[in-house]
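Quick notes on the structure that follows.
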Amino acid sequence: MAIRRVIIAGGGVAGTATALALSKAGIEAEVYEAHPSRGADAGAFLTVMPNGMAGLAEIGAAEAVDAVSYPARTVTLLDTEGQRLGHRPIDAPSRSLTRAALYRALQQLAVARGIPVHHGRRMTGATTGADGVEVTFDDGGTVTGDVLVGADGIHSRTRRLIDPAAPEPRYSGQHVVYGYTPGNPAGLDLDEYYMIRGGQAFFGLTVPGGDGRTWWFARLRGPQPAAGLSPGQWRDLALSACRDDSTPAHDLIAAAGTTVVGGDSYDIPTTPHWHGARMVLTGDAAHAAVPAAAQGASMAIEDAVALATALSEHDDPTTAFTAYEKRRRLETEETVAASARMGS
């Protein structure tokens, strides 16, 4: 029997892109997101690389993302003294935007296409049968569908339902802090990235044309996770790591105030089981990477296209899931490993 209705746990990039891809393939999809709003992790920003933009084009979402993003044109590498070590163009089209803007663009597009997107509904469990899957939520409600897509992130509940022995995410030994500084006090060229190999941390700076702010991030060494810090504490942690460098990073971070978000960096080198009976993983739930390679969102978008294609081509869920995994596993695991090497 053809797969007609898909329940998606998670309304981030992976979940919403999957819903859009399924809808384009003629398969009904419904998204359930745990967060009550569209701004989860709103302070962070990211770059959608050319492979991700190609995936967005396939599902008719590239124009919506273009409208809320900025081009990423070149990258310049600097040392602790601010001296240039290298310079190269970034493959086009690459687009920089806040994570919240990407969520909003994809979710608004989904709603405009008639795809239900529910907020504040956290999945707690799922049971499968011969004819489908029943998903339960923390509010006591249930829904049924032909399959469940776990797009519920690095700490995926779906991954545990598929395999209770699935490995835990691996702490990378780094924290990542993101912030925004008013204006362009360092006089950086617009739409270019400046990567600084500092003495104690790695920094990235960019000034998207038209945004009016300098966006920056810092990857900091940390032997233990530091979750729970306030925005000011994350800012001070980033400041302390660049205090001895002769680069723009220190002054830019100091001027950011508390418009800062930080977190600990984790990855998942491999997930033994991507799918089970009528349940399948996508995005970070299957293959989370540290942000060094800037491929997290793009891999999730590529997953969405591959999974929708497989579900539209195969009536049997297991056959479809196997085809999807065959297409995506090797490439994503190689990217996760490469990003880990870059991050270290």
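Laboratory data are not the source of any read-out in this text; all were calculated from the coordinates shown. Keep in mind that this is a model prediction, so the values were computed, not measured. FYI the Cβ positions are ideal-geometry reconstructions off the backbone, even for glycines, and counts take in every protein chain you see.
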How far, in degrees from 0 to 90, does helix 13-24 lean away from the longest principal axis of the Cα atoms of the chain, to the nearest 10?
50 degrees
Enter the angle in degrees (range 0 to 90, nearest 10) between the Cα long axis of helix 296-313 and the first principal axis of the Cα atoms of the chain, meaning the one along which they spread out most.
20 degrees
Give me, ordered by chain and number, the residues 5 or more places off residue 11 or on other chains with an amide H under 5 Å from its own placed amide H.
34
Taking the reciprocal of mean 1/r across every pair of different Cα atoms in segment 170-266, the Kirkwood radius in Å is 13.3 Å
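Based only on other Cβ atoms within 10 Å, what is the fewest-to-most ordering of 13, 143? Please report the intermediate quantities before stating the final value.
Working: 13 27, 143 18.
Taking fewest neighbouring Cβ atoms as first place, the list is 143, 13.
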Whole-number value, in Å³ per residue, for the convex hull of the alpha carbons of segment 194-344 is 140 Å³
Ranked by Cβ crowding within 10 angstrom, fewest neighbours first, how are 23, 246 ordered?
246, 23
Based on the mean of other Cβ atoms within 10 Å per residue, sort peptides 222-235, 293-306 so the most packed one is first.
293-306, 222-235
Per Stokes-Einstein, at 20 °C and 1.002 mPa s, what whole-number D in µm² s⁻¹ belongs to the chain, with the Kirkwood radius over Cα pairs as the hydrodynamic radius?
104 µm²/s
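Of all alpha-carbon pairs in segment 233-301, indicate the percentage at a distance above 15 angstrom.
On the way: 1554 of 2346 pairs.
Cα-Cα pairs in segment 233-301 separated by more than 15 Å: 66 percent.
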To test your reading of the geometry: what angle, between 0 and 90 degrees and rounded to tens, separates the Cα axis of helix 99-112 from the longest principal axis of the chain?
30 degrees
Residue exposure sequence - 315, 284, 191 - by fewest surrounding Cβ within 10 Å:
315, 191, 284
Relative contact order [Cα under 8 Å, 6+ residues apart], the chain, whole percent
23 percent
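Averaging sequence separations of C-alpha pairs under 8 Å and six or more residues apart, then dividing by the length of segment 170-266, give the relative contact order as a whole percent. Mind showing how you got there, number by number?
On the way: 201 pairs, mean separation 39.4, N = 97.
Rounded, it is 41 percent for segment 170-266.
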